[in-house]
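Worksheet: one structure, shown below.
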Amino acid sequence: QDQGFDTVDANIRLGFAIDARDFSVAAQMLKLLAIPRVRLLTNNPAKVAGLEAEGIGVAERLPLAIAANPHNAHYLDTKRDRTGHQL
């Protein structure tokens with residue numbers, strides 16, 4: 001990112017996944033707590049898919065309102081345009 005790449009390109013150039021987070025741990029905790037379905041506060045469709053892939057139902061996804069400012073506008077644009085975040 002220091003060289004002008006957005007978050008997605010920076011991760012790819014470094015040999016990392018676009019989003020390397022693993023949501024299976026959260027799903028396992030929900031299973032241990034006997035919580036089969038959740039209302040999820042997120043703009044990230046990968047979080048929904050990650051939980052559903054582990055057998056946790058997402059009854060509703062509630063988006064979070066995030067105001068753009070000069071410091072985060074490009075980052076939010078990248079999240080929306082390149083990773084499908086619902087902003």
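The values are calculated or read from the model by the stated rules, or taken from the named source; none is laboratory data. Everything numeric in this text was worked out from a predicted model, so none of it was measured. Quick reminder, even Gly has a Cβ in these numbers, built from the backbone with ideal geometry, and neighbours come from all protein chains shown.
Here are some notes:
- Selection status of Asp6, in contact (Cβ under 8 Å) with a residue 24 or more places away in the chain and farther than 18 Å from Leu87 by Cβ: no
- Residue in the range 44-62 that is surrounded by the most Cβ atoms within 10 Å (Cβ to Cβ), counting only those that are modelled with pLDDT under 95 and either not small (Gly, Ala, Ser) or not in a helix (DSSP H, G or I) (or both): Asn44
- Arg39 meets each of the listed conditions (1) at pLDDT below 95; (2) surrounded by fewer than 12 Cβ atoms within 10 Å (Cβ to Cβ) apart from (1).
- Scanning the range 63-87 for residues that are in a loop (DSSP other than H, G, I, E, B) and either closer than 17 Å to Ala20 by Cα or of a type in the set (A, V, I, L, M, F, W, C) (or both) turns up Leu64, Ala65, Ile66, Ala67, Ala68, Gly84, His85, Leu87.
- Scanning the range 1-21 for residues that are charged (D, E, K, R) and surrounded by fewer than 10 Cβ atoms within 10 Å (Cβ to Cβ) yields a single hit, Asp2.
- The one condition from (1) surrounded by fewer than 14 Cβ atoms within 10 Å (Cβ to Cβ); (2) out of contact with any Ser or Thr (no Cβ under 8 Å at 6 or more places or on another chain); (3) in contact (Cβ under 8 Å) with a residue 40 or more places away in the chain that His85 does not meet is (1).
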